[in-house]
Amino acid sequence: MRAYQVQTPNGIEDIKQVELPEPNLAADEVLVNMKACSLNFRDLLVPVGGYVRNDVRPIIPVSDGAGEIVAVGDAVKNLKAGDRVVGNFFQDWVSGPMGIAGLHSALGGSINGTLSDYFVLKAHAALPIPEQLSYEEAATLPCAAVTAWHALVSLGNLRVGDTILLLGTGGVSIIALQLSKALGANVIITSSSDEKLEWARNMGAEHTVNYRQHPDWEKEVLKITDGNGVHNVLEVGGVGTFEKSIASAKVNGIVSMIGLLTGAEGPAFNLAVIFNLLRIHGIYVGSVEMFKAMNQVITEHGIKPVIDKTFSFSESMDAYRYLAAAKHFGKVVIVNDR
Ligand SMILES: NC(=O)c1ccc[n+]([C@@H]2O[C@H](COP(=O)([O-])OP(=O)(O)OC[C@H]3O[C@@H](n4cnc5c(N)ncnc54)[C@H](OP(=O)(O)O)[C@@H]3O)[C@@H](O)[C@H]2O)c1
């Protein structure tokens, strides 16, 4: 089968296309013919060794994949050949709190991922694709959408009327916008681009702030919220935005620590966390249970994830470069043309 492999820590230009034998199946696994996979910012970090618990090489990259089951292991009873499935990011985090085994089961980081003609999933981590979604749309869900769900609902306990702050218009923020609107929240979203902000308003965002035109965007967030701040910030920015996200949160609010778009090394102490009784909470994608709960809401509300651009399998490296350029709005998808 065709596959891409990260063999060195030298970045995306050193990812190689290779021919590999089809993977063997354990009794509790299923073999999936990849129909589509989607890229995340993380897929730019794995090839430079910039990801925790990513010391495995060579490795097939990419966590997010959807496809059709072509074979099932001897012990698998709930799935069969022909089923449309999408894989959970962590193959061994099914429900409840994350355990250490779960941390070491991340597709495309600690174990082989989905950027190949066929990939293997644990049967307990292969979820049926919501009826209304194509393979391409389903492939956008495992990392970005489950992360957004975890922050908004599983941790954030989102209630109708809450105000959510989203940073930028990448994969996590745009599906978070869709989920927030479906669940009755108000959304403030930032971007470097007025055009992208207009698209976000068309999707229901109540308030938008251009963070290039307003480098002190947290002040704009406070103005919009009458000085109160927001219930939950989906903090995808890292060191360059963390202090501003803290300043944007209301008393008793949440800063969901998700990302590192601007870098990962920075200040660790901020008195506002104490005086505003904030909850600063690390989010690391999510469990199968969270993914299933999210899929129910996606189905009930007919949510269609936003795909910016699709590439064919042989154009995968162009897809990586396109993601790295950060021109996208929502998700970048690779389709298996075989
Ligand atoms: N903890 C987890 O489980 C988890 C899961 C998923 C993602 N993440 C992390 O979350 C971050 C976002 O991931 P993603 O896949 O959504 O990334 P992405 O799609 O690559 O997001 C790119 C977008 O981020 C925005 N951005 C860049 N710098 C920004 C800044 N200073 N302020 C505000 N927005 C900025 C830009 O939006 P505009 O073009 O609109 O300016 C850019 O287009 C990454 O660091 C990723 O590693 C973590």
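Things worth noting here:
- Normalised by the number of residues in the chain, the mean separation of alpha-carbon contacts (under 8 Å, six or more apart) gives a relative contact order of 18 percent.
- Residue-wise HN-Hα couplings along segment 280-287, as the Karplus relation 6.51 cos²θ - 1.76 cosθ + 1.60 with θ = phi - 60° gives them from phi, are 9, 10, x, 10, 10, 6, x, 8 Hz; Gly and Pro carry x.
- DSSP-loop trypsin sites (Lys or Arg not before Pro) across segment 64-148, with at most 16 other Cβ within 10 angstrom: 77, 80
- Area of residue 281 that stays accessible when all protein chains are in place (1.4 Å probe, Å², to 10): 80 Å²
- Once Rg and the Kirkwood radius are both taken over the C-alpha atoms of segment 27-87, their ratio Rg/Rh works out to 1.08.
- Efficiency of FRET from Cβ geometry, residue 33 and residue 195, R₀ 41 Å, rounded to 0.05: 0.65
- Counting 0.36 nm for each residue step from residue 277 to residue 16 and taking away their Cα separation leaves a gain of 89.1 nm.
- In the chain, the calculated helix contribution to ellipticity at 222 nm averages -6000 deg cm²/dmol per residue, counting -39,500 (n - 2.57) for every DSSP H run with n ≥ 4.
- Basic side chains Lys and Arg get +1 at the Cβ, acidic Asp and Glu get -1 at the Cβ, and with that the dipole of the chain about its Cα centre reaches some 400 debye.
- Treating r as the C-beta distance of residue 301 and residue 95 and R0 as 22 Å, the FRET efficiency rounds to 0.40.
- Under DSSP loop assignment and at most 10 Cβ neighbours within 10 Å, longest GluC sites (Glu not before Pro)-free interval of the chain: 132-264
- Exposure check, 1.4 Å probe, all protein chains in place: residue 208 carries approximately 40 Å² of accessible surface.
- Of the Cα atoms belonging to the chain, the radius of gyration and Dmax stand at 19.4, 60 Å.
- Taking θ as phi - 60° and the Karplus parameters 6.51, -1.76 and 1.60, the scalar couplings of segment 248-254 work out to 8, 8, 6, 4, 6, x, 10 Hz in sequence order, x denoting glycine and proline.
- Whole-Å semi-axes of segment 212-338's equivalent ellipsoid (Cα gyration tensor): 32, 20, 15
- Accessible surface, 1.4 Å probe, highest first, among residues 221, 120: 120, 221
- Karplus (6.51, -1.76, 1.60) ³J(HN,Hα), θ = phi - 60°, over segment 292-300, in Hz, Gly and Pro reported as x: 5, 4, 5, 4, 4, 5, 4, 5, 4
- Among 232, 316, 174 - extreme Cα towards positive end, dipole of the chain, charges at beta-carbon: 232
- Between residue 321 and residue 70, the contour length at 0.36 nm per residue exceeds the Cα-Cα span by 87.2 nm.
- Heavy-atom accessible area, probed at 1.4 angstrom with all protein chains present, ranks 74, 64, 162 as 74, 162, 64, highest first.
- Placing unit charges on the Cβ atoms of the charged side chains and taking the dipole of the chain about its Cα centre, the candidate lying farthest along the positive direction among 149, 287, 44 is 149.
- Extension reserve of the residue 25-residue 104 stretch, reckoned as 0.36 nm per residue once the Cα distance is removed: 26.5 nm
- Segment 145-282: C-alpha gyration tensor shape, a/c 1.5 cut-off, then a/b vs b/c: rounded
- Once backbone amide H atoms are built at 1.01 Å from N, residue 262 has 238, 239, 240 as its partners under 5 Å, excluding neighbours fewer than 5 places away on the same chain.
- Accessible surface ranking that places the most exposed of 320, 118 first, with a 1.4 angstrom probe: 118, 320
- With the convex hull drawn over the C-alpha atoms of segment 96-160, the volume per residue is 128 Å³.
- For residue 244, the aspartates and glutamates whose Cα falls under 15 Å of its own Cα, not counting residues fewer than eight places away in the same chain, are 216, 218, 220, 235.
- Percent carbon-and-sulfur accessible area, segment 145-282, ignoring ligands, DNA and RNA, probe 1.4 Å: 53 percent
- Just so you know, the Rg over Rh for segment 221-289 is 0.99, from Cα atoms, with Rh as the Kirkwood radius.
- Proximal lysines to residue 35, defined as alpha-carbon separation beneath 27 angstrom and excluding residues fewer than eight positions away on the same chain: 16, 77, 80, 122, 292, 304, 309, 327, 331
The values are calculated or read from the model by the stated rules, or taken from the named source; none is laboratory data. Here the structure is a predicted model, which is why all the values come from computation and not from measurement. Positions of Cβ are backbone-derived with ideal geometry, glycine not excepted, and every protein chain shown enters the neighbour counts. Please note that ligands, DNA and RNA were not included when accessible areas were found on the heavy atoms of the full protein model with its side chains. Shrake-Rupley method; radii C 1.70, N 1.55, O 1.52, S 1.80 Å.
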